[in-house]
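This is the structure, below, for whatever I ask next.
Values in this text are rule-based calculations from the coordinates and carry no lab data. This one's a predicted model, so the numbers in the text were calculated from it and none came from an experiment. Cβ coordinates were reconstructed from backbone atoms using ideal geometry, including for glycine residues, and neighbour counts include every protein chain displayed.
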Amino acid sequence: MPPLSRIVFWNVNRKDLTGAVCALAKSTVADVIILNESTVSSSAILRALQRNVSADFYLPAFISEKRFHCFCRNPTLDLSEIDSGFRTSTRKYKLGNQMFLLVLLHGLDMRNYDDEARRSFMQDVIRDLNFVREDKQNNKLILLGDFNMNPYDRVMNSAEGLNAMMTRSCAAKETRQHLGKKYDFYYNPMWSLLGDNTKGPAGTAYDTSNQGPYGWSMLDQVVLHHSIIPFFNKVEILTEAGGYSFMDKNGRPDAKNASDHFPIVVDFCGGHHE
């Protein structure tokens, strides 16, 4: 059964990769394409998508597109922006009779910010998420983007951090207690794609400089509030599309001819409707 919705996210590393983006959209039959660090205008990319993939593509309503360019070809999904913060964009995302909140995120990078600054940024994001949940009376949050962190970084999985677990069963417990407070669990499926004993590449980015001590990193991620788990199908890291290869001869992201990040594709299904 095909997914109800498919989202492709790609940090294009400030390059004109319009041809590859069109190939991605066509080969994945994606409903939504989200680009990070795009220097090509959204109107130019939209024209290319409409000409080469589908005339149905349009630009969802937005407040600001400094960080993210968003393209959609299914108007029932909405994707209109309801809030724009520092390196974040929160959008409506309607799937069936459910309204989700899709939070696009671009974390602070390791080259220009130290660990403390990056942790502080994520703590601010988490506070903003809690405010959005209360303001919209909706806890169905999906975080998607270049986190510039790994799933195992402390702020990603600590209770007072994002509280994102590596398995569905852990997150299915919904909450945990820490120092007398309850914290909602999130589920991070990117854990299952780490390392060389997986179907695809070992991560989404590769760096062995001082900023990348692990070699492979899983910087590009989707993280789901526990209430989203029934609607989530799968996530994959893509290394090629429609004749375009995003991988160099060593099996790493081809930063010279493509981007230093691999794109990811996320599928959502019908879930259990309320």
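Identify which of GLY203, GLY180, GLY145 has the largest mean-square fluctuation in a Gaussian network model of the chain, with springs joining Cα atoms closer than 10 Å.
Most flexible of the set in this elastic network: GLY180.
Let me spell out the model: positive unit charges on the Cβ of Lys and Arg, negative unit charges on the Cβ of Asp and Glu, origin at the Cα centre of region 5-268. What dipole size does that give, in debye rounded to 20?
Computed about the Cα centre, the dipole is about 440 debye.
Anyone know which of SER84, SER38, SER209 comes out most mobile in the 10 Å Cα GNM of the chain?
Between SER84, SER38, SER209, it is SER209 that shows the largest mean-square fluctuation.
Tell me what the chain gives for mean residue ellipticity at 222 nm when only DSSP H runs of n ≥ 4 count, each as -39,500 (n - 2.57), the sum divided by the residue total, rounded to 500 deg cm²/dmol.
So the helix-based figure for the chain works out to -5500 deg cm²/dmol.
Same structure again: Once amide H atoms are built 1.01 Å from N in the peptide plane, which residues 5 or more positions from PHE100, or in another chain, come under 5 Å H to H?
It is TYR93, LYS94, LEU95, by chain and number.
Further question on the same structure: Quote the FRET efficiency, to the nearest 0.05, computed for SER43 versus LEU179 with a Förster distance R0 of 45 Å and r equal to the Cβ-Cβ distance.
That pair, SER43 with LEU179, gives E of 0.35.
Counting only residues 5 or more places away or on other chains, whose amide H sits under 5 Å from the amide H of ASN11 once H atoms are built in the peptide plane?
ASN36
Just how many % of Cα pairs in the chain lie over 31 Å apart, if you round to the nearest whole percent?
More than 31 Å apart: 21 percent of the Cα pairs in the chain.
For region 1-86, run through the trypsin sites (Lys or Arg not before Pro) and keep only the ones in DSSP coil with at most 14 other Cβ atoms within 10 Å of their Cβ.
Here the trypsin sites (Lys or Arg not before Pro) that fit, given the DSSP loop and packing criteria, are ARG14, LYS66.
Which one of TYR93, TYR244, TYR187 has the biggest mean-square fluctuation once the chain is modelled by GNM with Cα springs under 10 Å?
Largest GNM mean-square fluctuation: TYR244.
If you don't mind, there's one more thing I want to ask. Past the 20 Å Cα-Cα mark, which pairs from LYS26/LYS249; LYS15/LYS256; LYS66/LYS92; LYS26/LYS94; LYS140/LYS173?
LYS26/LYS249; LYS26/LYS94
From the phi angles alone, apply the Karplus equation (6.51, -1.76, 1.60; θ = phi - 60°) to region 139-147 and give each ³J(HN,Hα) in whole Hz, x where the residue is Gly or Pro.
Each residue of region 139-147 in turn: 9, 7, 9, 10, 9, 9, x, 8, 6 Hz.
Determine, for each peptide in 128-138, 245-255, the mean count of other beta carbons within 10 angstrom over its residues, then list the peptides with the highest first.
Highest-to-lowest ranking by the protection proxy: 245-255, 128-138.
Can you work out the Karplus-derived ³J(HN,Hα) for every residue in region 111-125? Use 6.51 cos²θ - 1.76 cosθ + 1.60 with θ = phi - 60°, whole Hz, and x for glycine or proline.
Going residue by residue, I get 6, 10, 9, 7, 4, 5, 5, 5, 5, 4, 4, 5, 4, 5, 4 Hz, with x marking Gly and Pro.
Please list, in chain and number order, the residues 5+ apart from ASN233 or on another chain whose amide H is under 5 Å from its amide H, with Hs placed from the backbone.
ASP267, PHE268, CYS269
For region 187-203, just list the computed ³J(HN,Hα) in residue order, Karplus coefficients 6.51, -1.76 and 1.60, θ = phi - 60°, integers in Hz, with x standing in for Gly and Pro.
After applying 6.51 cos²θ - 1.76 cosθ + 1.60, I find 10, 10, x, 5, 3, 6, 9, 7, x, 8, 9, 10, 5, x, x, 6, x Hz.
Here's another thing I want to ask about it. Positive end of the charge dipole of the chain (Lys, Arg +1 and Asp, Glu -1 on Cβ, about the Cα centre): tell me which of LEU144, ALA255, ASN112 has its Cα farthest that way.
LEU144
May I pose another question? Sequence gap at least 6, Cα distance under 8 Å: using those rules, report the relative contact order of region 5-268 to the nearest whole percent.
Here the relative contact order equals 18 percent.
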